[in-house]
Amino acid sequence: MDTIIRAENIHKSYRMGRERLSVLRGASLGIATGSFTAIVGASGSGKSTLLHILGALDRPDEGRVEFEGQDLRRFSGRRLNQYRNRSVGFVFQFYHLLNELNVLENTLLPAMAAVGSAGWIRSRTSRQEAACVLLERLGLGGRLRHRPYELSGGERQRVAIARALMNRPALLLADEPTGNLDSKTGFGILEVLKELNRGGQTIVMVTHDDRIAGLAEVVWRLTDGKIETE
Amino acid sequence: MMMFSWKLAIRYFLHRPASWLAAAAVALCTFIVIVVLTVMNGLAADFKQKNHAFVGDCVIASDSLVGFVYDRSFVETLESQPYIEAVSESVAGVGLITQPGANWNIGVQFLGIDSARHSAVTGFADSLYYHRDNPEQAFVPDYAPEQEGCVAGIDLIGGRRTADGGYAHPDRPVPIRLILSSFPLTARGALARGGTDLVSSKTYYVADDSHTGLPQIDGAMVYLPLRDGRLLTGMDSPVERISSIHIRFGPSVSLRQGVERVRGLWAVYLQSQSDRSYSDLFESVRVQSWQENRRSRIAAIEKEQKMLILLFLMLGIITVFIVFVIFYMLVGHKSKDIGILMSVGMGRHKIAGVFLKFASLIGFLGAAAGTLAGCVFLVYINPIEDWLFARFDFQLWDRSVYAIGEIPNQLHPDLLLAVAVSAVAACLAGAMIPAMQAARKETVQVLQVSQV
Ligand SMILES: Nc1ncnc2c1ncn2[C@@H]1O[C@H](COP(=O)(O)OP(=O)(O)OP(=O)(O)O)[C@@H](O)[C@H]1O
Ligand SMILES: [Mg+2]
């Protein structure tokens, strides 16, 4: 099977006052195209840090990340933006929606961020339709014009997933997508992810809940800054 | 992208009370700057215009109290120039006035002129009250036409100004007799000896008053016929002399060009006069534009104008600072949004663009509101002041002291535009740093901070 993303010997440390806190100490992993992978580990073990590095939202101190065989370190700023915009979709633990925009606009954010105004006017209708279809699939068809603060946690997380999928990324990275939800809502979200995976979407999900990790095909465990597959 | 960033900028503007505050701050500053600069520029322009009206376009004048030799042929040369419309010569002196039987006297300046010729060059006729339309009769007292008359500066005889800055005039001039005494000088500047035929004292009836709007002139000037001026100053012998020649140019000639040409004529004239007697008096003669001639007076008000502009420039800097502080806080609050926008791959300069658009919105709205309010206020500034005076006895300027009638409120589109554009620019400058700073941050850092 093809490897969509590969991380090699990733090191990352943070400065805490005078001391350095080494979070990742040579973590290496590979994700197969079309797989549903879970990364587990104790709180503070560096799961989010690793996921951010995979999504190019953060840079490793050392080591390299290859996406479809291309080294992210070689990417220009523009190419990195393109990578964040089209190649990966990121779902944050805390949703991170824009309060000033409604559900539909939040979903369209990656589409709008990518094109110029002329391109946006040309492709607007088709993109809006795509966003509506996506939101419909996630059960938000009736809430297009609502603002994020008018939604429940589960609904917000589904908007965040819709946004991450808007530009049809090859890779979906989800950081504890169920972390802030009750177990019933959480499993609803997992169902959505499973469904997406069945449709061919590659998913990497971070969780500290072994039960949730059990639903994934592959589980990586992060301990002491290193990562191993189970 | 373009449309989206405007949409987001507008939403930010509408959802943040601080942005309304910023717009209000911009509006307030714009308003103040427009009102003060308009009034100040108006006052300065008015003052310059009055000085201009007093002396005419160009003056050939002597610094000396003894004047210079009068040559009719040179005046005719000037009059024959196509670019010169009118010429008038004058005699200036200093003296004392008193009234018959009174035991007081006050120091005055006097100006001997041909009232008709002088009115053709300067605003003399317009400064009169009773003889505005017939300046050639300016020195004829209506109540005693056979007597010799003079024109007195309107503030010379004090206490005539009303509280609203105007002057009360009865239907006919009030008969006033003045005795003007002077110190005639010889052409060499010595005090002319008594026993000669030099006149040193004359009695006049005040035929009219002159209101130039220049306090130093209106409070100290007596206008006489040219011949009397010569007698009182001693400029009638042994050779006729004058203090200055006033010139008005035609409408098609620029001031600089006209003055240059008169200078040329004067230089040629001086050459031809080099060996005549008293030609040394020409050394103290200067050919000047009205601006140069009145420089010492105009410079004072121009200095005040510059100081004011400087002060209001500082007000502009304060605006920038206020907007800067507001933006700094706003961008701080919105750092999570910046992280989100970066996480979906929006470029840093595009993100900065959202905030600059937000700033320009504040700038446009604030500047527009401030400019509008400033214009409305200026249009009604005089009625407002009148009302304040009627109601609370408040006046911006005590009209019984200052020679200002209405508050100048002429709107200048270029000034309005300059102030409004500066206001928008100030907002952009204030927003620039926080916006750049926001866009420089690392995605994860931004999001991490806002989670806590
Ligand atoms: N920007 C940062 N500056 C300093 N320390 C950081 C920063 N980001 C993460 N850390 C630290 O690095 C460690 C790993 O953080 P990370 O968020 O990756 O953990 P996690 O495994 O996702 O934990 P959780 O399950 O609680 O989300 C933590 O101790 C955290 O305090
Ligand atoms: Mg985490």
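Quick notes
- Largest-first ordering by accessible area, 1.4 Å probe, given options A:E230, B:E442: A:E230, B:E442
- For the pair B:S279 and B:W387, a Förster radius of 51 Å applied to the C-beta separation gives a FRET efficiency near 0.25, rounded to the nearest 0.05.
- Rounded if a/c under 1.5, otherwise prolate or oblate - region A:170-230, Cα gyration tensor axes: oblate
- Cα-based reach from B:K50 at 24 Å (exclusive), listing lysines while leaving out same-chain residues under 8 positions away: B:K303, B:K306
- Beta bridges per DSSP, both residues in the protein assembly as shown: antiparallel share near 70 percent.
- Distance between the modelled labels on B:S254 and B:E148, one decimal in nanometres: 4.7 nm (7 Å Cα→Cβ projection).
- In this structure, the amide hydrogen of A:G26, modeled 1.01 Å from its nitrogen in the peptide plane, lies closer than 5 angstrom to those of A:I10, A:H11, A:K12, counting only residues at least 5 positions away or on a different chain.
- Heavy-atom accessible area, 1.4 Å probe, ligands and nucleic acids excluded: residues of region A:53-70 down by at least 10 Å² from chain alone: A:L57, A:D58, A:R59
- DSSP-loop trypsin sites (Lys or Arg not before Pro) across region B:230-325, with at most 13 other Cβ within 10 angstrom: B:R276
- Those lysines that a straight Cα-Cα span of less than 17 Å connects to A:K184, excepting residues fewer than 8 apart in one chain: A:K194
- Accessible area per residue in Å² at 1.4 Å probe, computed on chain B: 47 Å²
- Take chain B and mark each of the chymotrypsin sites (Phe, Trp or Tyr not before Pro) that is in a DSSP loop with at most 11 other Cβ atoms within 10 Å; the longest unmarked stretch, sites excluded, is B:105-393.
- Low-density loop cleavage sites - GluC sites (Glu not before Pro) in region A:7-69, where at most 16 other Cβ are within 10 Å (DSSP): A:E68
- Between chain B and chain A, the total buried accessible area stands at approximately 2500 Å², from heavy atoms with a 1.4 Å probe.
- Residues of type lysines that B:K441 reaches as a straight line, Cα spacing below 29 Å, ignoring anything fewer than 8 places off in the same chain: A:K12, A:K47, A:K226, B:K7, B:K334, B:K336, B:K350, B:K357
- Threshold 30 Å² - residues in region A:83-99 whose accessible area is reduced by that much or more when the chain is no longer isolated, probe 1.4 Å: A:R84, A:F92, A:F94, A:H96, A:L98
- In terms of its C-alpha gyration tensor, chain A has a prolate overall shape, because the principal axis ratio a/c (a ≥ b ≥ c, square roots of the eigenvalues) is not below 1.5 and a/b outweighs b/c.
- For region A:13-27, Karplus couplings with θ = phi - 60° (6.51, -1.76, 1.60), whole Hz, Gly/Pro x: 9, 10, 8, 10, x, 8, 9, 10, 9, 7, 8, 10, 10, x, 7
- Approximate spin-label separation B:A168-B:D126, in nm, with each point projected 7 Å along Cα-to-Cβ: 2.8 nm
- Split chain A at each of the trypsin sites (Lys or Arg not before Pro) in a DSSP loop with at most 13 other beta carbon atoms within 10 Å, and the longest piece is A:19-144.
- Charged-residue dipole, Cβ positions (Lys, Arg, Asp, Glu), region A:3-229 about Cα centre, Debye nearest 20: 660 debye
- Whether region A:74-128 is rounded, prolate or oblate, judged on the alpha carbon gyration tensor where a/c under 1.5 counts as rounded: oblate
- Taking the chain by itself as reference, region B:6-48 contains these residues with an accessible-area loss of 30 Å² or more in the full protein complex (1.4 Å probe, heavy atoms): B:K7, B:L8, B:R11, B:H15.
- One way to sum up the overall shape of chain B is the equivalent ellipsoid from its Cα gyration tensor, whose semi-axes run 64, 26, 17 Å, largest first.
- Carbon-plus-sulfur accessible fraction, the protein assembly as shown (probe radius 1.4 Å, protein heavy atoms only): 55%.
- Area projected by the alpha carbon convex hull of the protein assembly as shown, averaged over all directions, nm²: 47.2 nm²
- Per-residue ellipticity at 222 nm, computed for chain B from helices alone with -39500 (n - 2.57) per DSSP H run of at least four residues, works out to -17000 deg cm²/dmol.
- Cα-based helix-to-principal-axis angle, A:183-198 vs chain A, degrees rounded to 10: 90 degrees
- Pairs of alpha carbons in region B:3-155 whose separation is greater than 19 Å (percent): 73 percent
- In this structure region A:3-229 gives 45 Å² per residue of accessible area when probed at 1.4 Å with all protein chains present.
The values are calculated or read from the model by the stated rules, or taken from the named source; none is laboratory data. These numbers were taken from a predicted model, which means no experiment stands behind them. Neighbour counts are summed over all protein chains in view; Cβ atoms, including those assigned to glycine, are modelled from backbone coordinates with ideal geometry. Surface areas here come from the heavy atoms of the whole protein model, side chains and all, with no ligands, DNA or RNA. Shrake-Rupley method; radii C 1.70, N 1.55, O 1.52, S 1.80 Å.
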